[in-house]
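The values are calculated or read from the model by the stated rules, or taken from the named source; none is laboratory data. Small disclaimer: the values here were computed from a predicted structure and weren't measured. Here Cβ is always computed from backbone atoms with ideal geometry, including for glycine, and neighbour counts include all displayed protein chains. To get the accessible areas, we keep the full protein, side chains included, count just its heavy atoms, and leave off ligands, DNA and RNA. Shrake-Rupley method; radii C 1.70, N 1.55, O 1.52, S 1.80 Å.
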Amino acid sequence: CWYKKTADLMQGTAIRSALVSTNSVSQGESVANLWKPLFESGVHIDFAHRTFRWDSEAKIKAHVHCVIIGFSTAPNSAEKVLYSGDRAQIVKNINGYLLDGDNIFIENRKHPICNVPEMVFGNTPIDDGNLIIEANEIDDFLLNEPNAKPYVRPLVGSREFINRLKRYCLWLVDVSPAEIRKMPSVMKRIQAVHEMRINSKRTATCKLADKPMLFGEIRQPKSGNYLIVPLTSSERRRYIPIGFMSYEVIATNLVQMLPNANLYHFGILTSNVSNSWMRTVCGRLKSDYRYTITNVYNNFPWPTPTDEQKSRIEQTAQAILDARELYPDCSLADLYDEATMPPELRKAHQQNDKAVMQAYGFWGKLNSESACVAELMRMYQGLTEGAYNGKTT
C-alpha cells in the first residue's frame, strides 16, 4: 500500500522515491500483485538493492530481510543500478523480482506449463491429532491394540522428511467397519475425530464427520514411488532436499508429491537451475523457502533434452541418490547443511547441475544465478505466448 500511495503522489511530477521494504515485495505472488499494476500505471524501478539482512539495535535482535527500491513515474535517463551486497551492476532494466530482465510476472497456474506430471499436496488429516501416533506412543499403542498393526503407516511431513524423524498414522482406507470395531483403541480415536469435525464451525469440516476413520483430504498414490518436495526448507541450503518415497509412506499436506516421477524429473528438480527459479519466484515463511505448486512448479520451464542429454541427467540423478546412501545414519538436514555436505554428494550435485544446464543450453553461457533466472523467465514468456515449444519428456 505504501508503494501504491507513493506512486499516486508522484503522478505528473518529477519526484523520485525510494522505500526500504521487507523482501516479500519482490518474491512469490506479491510481485505480480504489486508491480504489475504499478508498471501499467507508468512506474519504473530506477535502482534497487537486493535482499540483505537488517539487524535491529534492540537487545532482542530482530533479523529482517529487506530490499531497497528506488522508483518513479517521470522519465529517467540515468543508468539503472542493481546492488547486491558490495556489488553494483549497471543494467538495462530492473523487473519486479529485482533482476536484470524484462518485466515478466509469474502468476498462479493450475496446471504445469510444460508436459510433465502434476504435482499435488500431501494428505490433510483434519483430525485434531487423533489419527496420528507419535514415535513415543507407537509401542504402547500396538501393545494395547496389536490388531491395528496392519493399518499403522509411517507419516512424513517436511520436518520428518528432512530431519529423519519417525511419526505414524492410522490409515484405514478400504478397511471394513467390522474390522475397525474389533479395535477399541482405534474406535476411541475415530469417535474423537467425529466429535471434532461435527462441532467445527467450518461447513466443509462438518461434512467430513461422515467419514471420521479417514484423513480429511486424501491424495496418496496407491502404488509405486512418488517424489516428495518439502513445503518449507531453510534458506541456508543451496538445494531443497527432495527424494523418492514409497506409496506406503503417507505424506501430509506439509509436503508436495509428484506421483509417477522418475530419475529425470528428480534430476531436473534437484538441479541448480530449478533451485534458482525457486529462490526467485517462491514465497517465504520468515526467511525460509516456501515451495508452492501453483507459482513455482507449474510455471517452471522445463528443457527439451536430446535422448543422450536425458540419459545423462538420469545417471547424475542416480549418483546423487547413491551418494546419500553412503551416509545411512545422516538426515537430509545433515547432508544438505553447507558446512557438513559430504564431498561425494556435492560432486554428484555439481555433475547433475552441469548435465541439466547443458540440456537447457546454459552451460558456458550463463555465469550467474540471476542470468539463469532471467533466461528462464524469457522461456516462460515464450511458453505463455505460445512462441516457445515447451514439449518435454
| query | If you take the residues of segment 1-26 that are among the small types (Gly, Ala, Ser) and surrounded by 13 or more Cβ atoms within 10 Å (Cβ to Cβ), which of them is farthest from His49 (Cα to Cα)? | reply | Ala7
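Of the residues in segment 196-215, how many are closer than 12 Å to Val173 by Cα and in contact with a Ser or Thr (Cβ under 8 Å, 6 or more places away or on another chain)?
From segment 196-215, those closer than 12 Å to Val173 by Cα are 211-215; that's our starting set.
Cutting the leftovers down to in contact with a Ser or Thr (Cβ under 8 Å, 6 or more places away or on another chain) gives us 215.
So the answer is 1.
In the set Ser176, Ser158, Ser185, which member is on the phi < 0 side of the Ramachandran plot and in contact with a helix residue (DSSP H, G or I) (Cβ under 8 Å, 6 or more places away or on another chain)? Break it down stepwise before answering.
Details: Ser176 fails: in contact with a helix residue (DSSP H, G or I) (Cβ under 8 Å, 6 or more places away or on another chain); Ser158 fails: in contact with a helix residue (DSSP H, G or I) (Cβ under 8 Å, 6 or more places away or on another chain).
Being on the phi < 0 side of the Ramachandran plot and in contact with a helix residue (DSSP H, G or I) (Cβ under 8 Å, 6 or more places away or on another chain) holds for just one of Ser176, Ser158, Ser185, which is Ser185.
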| In this structure, does Val273 turn out to be part of a strand (DSSP E or B), open to solvent by less than 10 Å² (accessible area, probe 1.4 Å) and either in contact (Cβ under 8 Å) with a residue 24 or more places away in the chain or among the small types (Gly, Ala, Ser) (or both)? | no
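Does Asp55 satisfy the criteria of being free of Cβ contacts under 8 Å to residues at least 40 places away in the same chain, open to solvent by 20 Å² or more (accessible area, probe 1.4 Å) and out of contact with any Asp or Glu (no Cβ under 9 Å at 6 or more places or on another chain)? Don't jump to the end; show me each part of the working.
Values: free of Cβ contacts under 8 Å to residues at least 40 places away in the same chain: yes; open to solvent by 20 Å² or more (accessible area, probe 1.4 Å): yes; out of contact with any Asp or Glu (no Cβ under 9 Å at 6 or more places or on another chain): yes.
When the stated conditions are applied, Asp55 passes them.
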| request: Return a yes/no flag: does segment 35-47 have any residue that is open to solvent by 30 Å² or more (accessible area, probe 1.4 Å), of a type outside the set (D, E, K, R), in contact with a helix residue (DSSP H, G or I) (Cβ under 9 Å, 6 or more places away or on another chain) and closer than 30 Å to Ile293 by Cβ. | output: yes
| said: Can you list residue pairs whose Cβ atoms sit under 7 Å apart, with the first residue in segment 352-366 being in a helix (DSSP H, G or I) and the second being open to solvent by 10 Å² or more (accessible area, probe 1.4 Å) and aromatic (Phe, Trp, Tyr)? Count only pairs 6 or more apart in sequence or on different chains. | reply: Lys354/Trp363; Met357/Trp363
| query | In the list Pro154, Pro146, Pro112, Pro150, which residue meets the criterion of being open to solvent by less than 40 Å² (accessible area, probe 1.4 Å) and either modelled with pLDDT of 95 or more or within 30 Å of Glu369 (Cβ to Cβ) (or both)? | reply | Pro112
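Here are some residues: Glu29, Glu79. Which one is open to solvent by 80 Å² or more (accessible area, probe 1.4 Å), acidic (Asp, Glu) and farther than 20 Å from Arg284 by Cβ?
Testing whether each residue is open to solvent by 80 Å² or more (accessible area, probe 1.4 Å), acidic (Asp, Glu) and farther than 20 Å from Arg284 by Cβ leaves just Glu79.
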| message | Which residue is farthest from the chain's Cα centre (by Cα), if the candidates are limited to segment 192-226 and must be surrounded by 13 or more Cβ atoms within 10 Å (Cβ to Cβ) and farther than 23 Å from Tyr151 by Cα? | response | Ile198
| field | Set Glu338, Glu375: member being in a helix (DSSP H, G or I), among the acidic types (Asp, Glu) and surrounded by fewer than 20 Cβ atoms within 10 Å (Cβ to Cβ) | value | Glu375
